[in-house]
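Novice: One structure follows; several queries about it will come next.
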Amino acid sequence: VLGLLVWALIANTTYHLHAVYSWVLFVSIFFWILTVLFFMAYLLQLQLKLYMIPWPLVLMIFHAVATVLYLSAFAACAAAPAPAAFFSCLVMITYGASTFFSFRAWKGLGSNAATSQVADH
């Protein structure tokens, strides 16, 4: 939702007059579409059907790349004042948190007490 908001705010400006806004628009649209595709894959449970793909690693890399590129989009918005700067910062923080949790899932650190109890028996 936040990525869509960044996209809408930049599309509402005169982005064609500023190259910086074009970069922010590209990043927001690209990662919004990829996020929707990953969400649809999760809803359709493709991770169970395509078990040979290391999904935790793929998601961690996706979130890390999104964080870095949204950092550049935030810097671009902040350099040329735009209302999308605040929301691009929020999206960057959200993708950063998702990178952290994806890293924990990839390393197997995301287990809780219930799963560790079952594994002990």
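The values are calculated or read from the model by the stated rules, or taken from the named source; none is laboratory data. Note that the structure is predicted; figures quoted are calculated from it, not measured. Using ideal geometry, Cβ is built from the backbone for each residue, glycine included, and neighbour counts are taken over all protein chains shown. We work out accessible area using only protein heavy atoms, side chains counted, and drop any ligands, DNA or RNA first. Shrake-Rupley method; radii C 1.70, N 1.55, O 1.52, S 1.80 Å.
Novice: Which condition breaks for Thr35 when tested against (1) over 20 Å from Cys77 (Cβ atoms); (2) among the polar types (S, T, N, Q); (3) open to solvent by less than 60 Å² (accessible area, probe 1.4 Å)?
Specialist: In the conditions (1) over 20 Å from Cys77 (Cβ atoms); (2) among the polar types (S, T, N, Q); (3) open to solvent by less than 60 Å² (accessible area, probe 1.4 Å), Thr35 misses (1) alone.
Novice: Okay, moving on. In the stretch 38-63, which residues are under 17 Å from the mean Cα position of the chain (by Cα), closer than 22 Å to Phe100 by Cβ and open to solvent by 40 Å² or more (accessible area, probe 1.4 Å)?
Specialist: Phe38, Phe39, Tyr42, Trp55, Pro56, Leu57, Val58, Leu59, Ile61 - these are the residues of the stretch 38-63 that are under 17 Å from the mean Cα position of the chain (by Cα), closer than 22 Å to Phe100 by Cβ and open to solvent by 40 Å² or more (accessible area, probe 1.4 Å).
Novice: Right, here's the next one. Please pick out the residue among Ile10, Ile33, Ile61 that is closer than 23 Å to Lys107 by Cα and of a type outside the set (Lys, Arg).
Specialist: Ile61
Novice: If you don't mind, there's one more thing I want to ask. Given (1) in the same structural domain as Cys89 (by the TED database); (2) modelled with pLDDT under 90; (3) not basic (Lys, Arg), where does Trp23 come up short, assuming only one miss?
Specialist: (1)
Novice: Can I ask one more? Considering only residues that are open to solvent by 80 Å² or more (accessible area, probe 1.4 Å) and modelled with pLDDT of 85 or more, look in the stretch 69-102 and name the one that is farthest from Ala19 (Cα to Cα).
Specialist: Selected residue: Phe101.
Novice: Would you pick out the residues in the stretch 3-19 that are part of a helix (DSSP H, G or I) and open to solvent by 60 Å² or more (accessible area, probe 1.4 Å)?
Specialist: Hits for the stretch 3-19 are Leu4, Leu5, Trp7, Tyr15, His16, Leu17, Ala19.
Novice: Going by the structure shown, is Val36 in a helix (DSSP H, G or I) and either of a type in the set (Phe, Trp, Tyr) or outside the structural domain of Trp106 (by the TED database) (or both)?
Specialist: Working: in a helix (DSSP H, G or I): yes; either of a type in the set (Phe, Trp, Tyr) or outside the structural domain of Trp106 (by the TED database) (or both): yes.
Yes: the conditions hold for Val36.
Novice: I would also like to ask the following. Return the pairs, sorted by first residue and then second, in which the second residue is at pLDDT below 90 and in a helix (DSSP H, G or I), the first residue lies in the stretch 94-121 and is within 19 Å of Ala66 (Cβ to Cβ), the beta carbons are less than 8 Å apart, and the residues are 6+ apart or on different chains.
Specialist: What qualifies is Thr94/Leu2; Ser102/Pro56; Ala105/Pro56; Trp106/Pro56.
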